[in-house]
Amino acid sequence: MLPDPGAAPTRTDAIVIGGGHNGLVCACDLAARGWSVRVLERRSVLGGAAVTEEFAPGFRNSTASYTVSLLDPDVIRDLHLAEHGLRIVERPFSNFVPLPDGRFLKLGGSLEETQREVAKFSRRDAERLPQYYAMLERAVTLLRTLLARTPPNVGARGLASLRDWIAGLRLGRQLAHVNLEDKRDLLALFARSAGDLLDGWFESAALKATLGFDSIVGNYASPYAAGSAYVLLHHVFGGVNGKPGIWGHALGGMGAITEAMATEARRRGVLLSVDAPVAHVLVEDGRAVGVRLEDGSEFFAGRVAANVTPTVLFEKLVGAEHLPAAFRARIGQYRSGSGTLRMNVALSGLPDFSALPGTSAAPHHASGIILAPSLAYMERAWADAREFGWSREPVVEILIPSTVDPSLAPPGQHVASLFCQHFDPDLDATRHPGGWDGAREAAADAAIATVTRFAPNFASLIVARQIHTPLDLERKFGLTHGDIFHGVLALDQLFSARPILGYADYRTPLKGLYLCGAGAHPGGGVTGIPGRNAAREMLRDGRA
Ligand SMILES: Cc1cc2nc3c(=O)[nH]c(=O)nc-3n(C[C@H](O)[C@H](O)[C@H](O)COP(=O)(O)OP(=O)(O)OC[C@H]3O[C@@H](n4cnc5c(N)ncnc54)[C@H](O)[C@@H]3O)c2cc1C
């Protein structure tokens, strides 16, 4: 239900379906050019997967997405997010990785500190680390130049093909300056497995696990699966407050980002509605002309941008009769399912890690704590999920944001985000007849038990827990198969092929309909980039 349907005009220049962060960025950019824009969000809170909510009395946390790095600095600046209260703080160091043998690895801080830590395991690896970081930084620099561009759109016709040809030339000229070694590195990062890449660089299992963790975050695959090196790269193209590659905490949780975006949207005159689930895209003479909500109310616009997943858009919201059969068949094969379970827990105190004992707040409590001692452990976790349905010894990252942001929990208590891999999005019904509804508690118990093996007091600290299986992520956030990125980040679904070849320019087979969410280039993460790129293409097409 809309708050006040009569107060605003039913026709605007643009409608955005979904008030996730990309939808909000898209709306802001359109409004900045004088367009009238309406955002329709299905949930009762704006922000999509970047929201902060109370999950137990007195305990708030980022419900889904929980750490920030990839958010485009231009978006932060242009949308005045800092003026609207957004503060992103760094962690004392990036990662703390406790090991079963009682040792631990700390990564982050200065390069010298990290090298000293790594040298505990391998002097050779410590010496190679600066070269590895430099290789990644060169690849990231190249990747960054591609992020804010509309990818070359294979198969474009007419004026679009001319535009595309010019864009291709520009890209070619830019790439021509990149030296051959860097091109080789980039190719390896796009095509290889993270495991192969890291085995080629390092010998220490703990270091390879710490660096390789990014390759399986939101990637239901072994770290030895081809293409997993790209997922690693995708996690390191950002930074915090000008410091490249690190991850930080948005004070107030991830909702602080989208609240600041919503404030800017309102300032620009965008009409924001919550509890407004879109049921259909309205089509007339082969073009999108508006939407119908589940309650039957209709809104009209010259252009419609969809922040929902490609699968939701093309299989649920747009009638099959409006799409070419070949396109529908391809979208039917679009791969989604990151195999993630996300839990929020309220804690009466801090975990006491066997590898670094202590229950008073210490720097390691405030870092990203990775429970995955080796690439082999990660591979086993994935194989177990393939066989059993979920990993009974999952890979877990724990963040305890209340250590850097006391506003989230009552004094002396804490909240923790548990991000757990691997949990099959399509549970085998013969083995688990109750599906995820029946398996939810057992899968969560496996994650808690895993943490408790590294920090024996952990289970006893838990006051409340909120569990999101892949099914819960789909139900709550509209994420197809619970995919945190709106679709697998693999070579066949990236860049010119996102969501599918021929539709990488944010346009769709329906005139007037655009994709502005993470299912479009450059994919998932709280970046704001798909929203911004889509708005640019819509502005290029002009008002209708
Ligand atoms: C569990 C989890 C953990 C993650 N962790 C991180 C992290 O730490 N850092 C990071 O950078 N990224 C993280 N991500 C990824 C990141 O959050 C997403 O890729 C990103 O939020 C996608 O943004 P979006 O605006 O494109 O889409 P979404 O955030 O998915 O927003 C889409 C919006 O559309 C709405 N919607 C759906 N259907 C309809 C409809 N019919 N009508 C109206 N509205 C509709 C949804 O309710 C939602 O608000 C995580 C994601 C998840 C799920």
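Given +1 on the Cβ of Lys and Arg, -1 on the Cβ of Asp and Glu, and no further charges, what dipole in debye does region 1-152 carry about its Cα centre, rounded to the nearest 20?
360
How high is the relative contact order of region 30-180? Use alpha-carbon pairs under 8 Å, at least six apart in sequence, and give a whole percent.
Values: 78 pairs, mean separation 10.7, N = 151.
So the answer I get is 7 percent.
If one computes the Cα centroid of region 32-53 and of region 392-427, what distance in Å separates the two points?
Going from one Cα centre to the other spans 26 Å.
Taking Cβ-Cβ under 4.7 Å as the only way to count a partner, pick out the unpartnered cysteines of the chain.
Singleton cysteines: Cys28, Cys420.
For region 336-480, calculate the relative contact order in percent as a whole number, restricting contacts to Cα pairs under 8 Å that are 6 or more residues apart.
That works out to 38 percent.
Given the -39500 (n - 2.57) contribution per DSSP H run of 4+ residues, what per-residue ellipticity at 222 nm results for the chain, rounded to the nearest 500 deg cm²/dmol?
-10500 deg cm²/dmol
Taking a cut-off of 20 Å between Cα atoms, list the aspartates and glutamates near Lys476, but don't count ones fewer than 8 places away on the same chain.
Glu41, Glu53, Glu54, Glu259, Asp275, Glu294, Asp295, Glu315, Asp424, Asp426, Asp437, Glu441
Report the Cα-based extents of region 336-480 along its three principal axes, largest first, to the nearest Å.
46, 33, 24
Using only Cα atoms, tell me the angle between helix 180-191 and the longest principal axis of the chain; keep it within 0 to 90° and round to the nearest 10.
90
Mind checking which of Ser228, Ile331, Pro73 is farthest towards the positive end of the chain's charge dipole, using Cβ charges of +1 (Lys, Arg) and -1 (Asp, Glu) about the Cα centre?
Selected residue: Pro73.
Do any of Lys120/Lys243; Lys106/Lys243; Lys106/Lys183; Lys183/Lys208; Lys183/Lys511; Lys208/Lys243 go past 29 Å between their Cα atoms, and which?
Lys106/Lys183; Lys183/Lys511
So what's the angle, to the nearest 10 degrees on a 0 to 90 scale, between helix 21-32 and the longest Cα principal axis of the chain?
40
Find the percent of Cα-Cα distances in the chain that exceed 35 Å, and round it to a whole number.
34
Got the relative contact order for the chain handy, in percent, Cα pairs under 8 Å and 6 or more residues apart?
Values: 1222 pairs, mean separation 130.6, N = 544.
Computed value for the chain: 24 percent relative contact order.
The numbers here are math on the coordinates, done by the rules we state, and not lab data. None of these values were measured; they are calculated from a predicted model. Because the Cβ atoms are built from the backbone with ideal geometry, glycine has one as well, and the counts that use them run over all protein chains shown.
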